[in-house]
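Q: Once you've had a glance at the structure underneath, I'll fire off some questions.
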Amino acid sequence: MVVDMFNVNKDEPILQTTLYLAAIQSAEILKFSHYDVPEQLIKKLQEDESLHVY
């Protein structure tokens, strides 16, 4: 997936970079972070059974 992300150990946000799910070693939701989830994404996640493992 292509993402915009911020790493507290880096000076600048990392924009439009490719992130591979299999390469993620750990993840956490930061306090006070937010994301307005598009309805289309919610629908896709609910309907596409191949995504249920995530």
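Q: Please enumerate the residues belonging to the range 45-54 that are more than 15 Å from the chain's Cα centre (by Cα) and part of a helix (DSSP H, G or I).
A: The answer is Gln46, Glu47, Glu49, Ser50.
Q: Taking the condition surrounded by 10 or more Cβ atoms within 10 Å (Cβ to Cβ), part of a helix (DSSP H, G or I) and modelled with pLDDT of 80 or more, does Gln40 pass?
A: Values: surrounded by 10 or more Cβ atoms within 10 Å (Cβ to Cβ): no; part of a helix (DSSP H, G or I): yes; modelled with pLDDT of 80 or more: yes.
Taking the combined requirement at face value, the residue does not satisfy it.
Q: So for the range 23-35 (the condition being outside any loop (DSSP other than H, G, I, E, B), in contact with a Leu (Cβ under 8 Å, 6 or more places away or on another chain) and modelled with pLDDT of 90 or more), does at least one residue qualify?
A: no
Q: State yes or no: is Leu19 hydrophobic (A, V, I, L, M, F, W, C) and in contact (Cβ under 8 Å) with a residue 12 or more places away in the chain?
A: Numbers: hydrophobic (A, V, I, L, M, F, W, C): yes; in contact (Cβ under 8 Å) with a residue 12 or more places away in the chain: yes.
Yes; evaluated as a whole, the condition is true for this residue.
Q: Just one of Glu28, Glu12 is at negative phi and under 13 Å from the mean Cα position of the chain (by Cα); which is it?
A: Residue meeting the stated conditions: Glu28.
Q: Looking only at the range 1-22, filter to residues that are part of a loop (DSSP other than H, G, I, E, B) and aliphatic (A, V, I, L, M); which one of those is modelled with the lowest pLDDT?
A: Here is the first cut: in the range 1-22, the residues part of a loop (DSSP other than H, G, I, E, B) are 1, 6-13, 19-20.
Add one more test, that the residue is aliphatic (A, V, I, L, M), and what stays is 1, 8, 19.
Numbers: Met1: 90, Val8: 75, Leu19: 88.
The residue in question is Val8.
Q: Within the range 1-17, identify whether any single residue is surrounded by fewer than 10 Cβ atoms within 10 Å (Cβ to Cβ) and of a type in the set (Ser, Thr, Tyr), and answer yes or no.
A: no
Q: Please find, among Gln46, Gln25, the residue that is within 17 Å of Met1 (Cβ to Cβ) and not small (Gly, Ala, Ser). Spell out the reasoning first.
A: Working: Gln46 fails: within 17 Å of Met1 (Cβ to Cβ).
Only one candidate qualifies: Gln25.
The values are calculated or read from the model by the stated rules, or taken from the named source; none is laboratory data. Predicted model, so just to flag it, every value in this text is computed and none were measured. Here the Cβ is made from the backbone with ideal geometry for all residues, glycine too, and neighbour counts use every protein chain on show.
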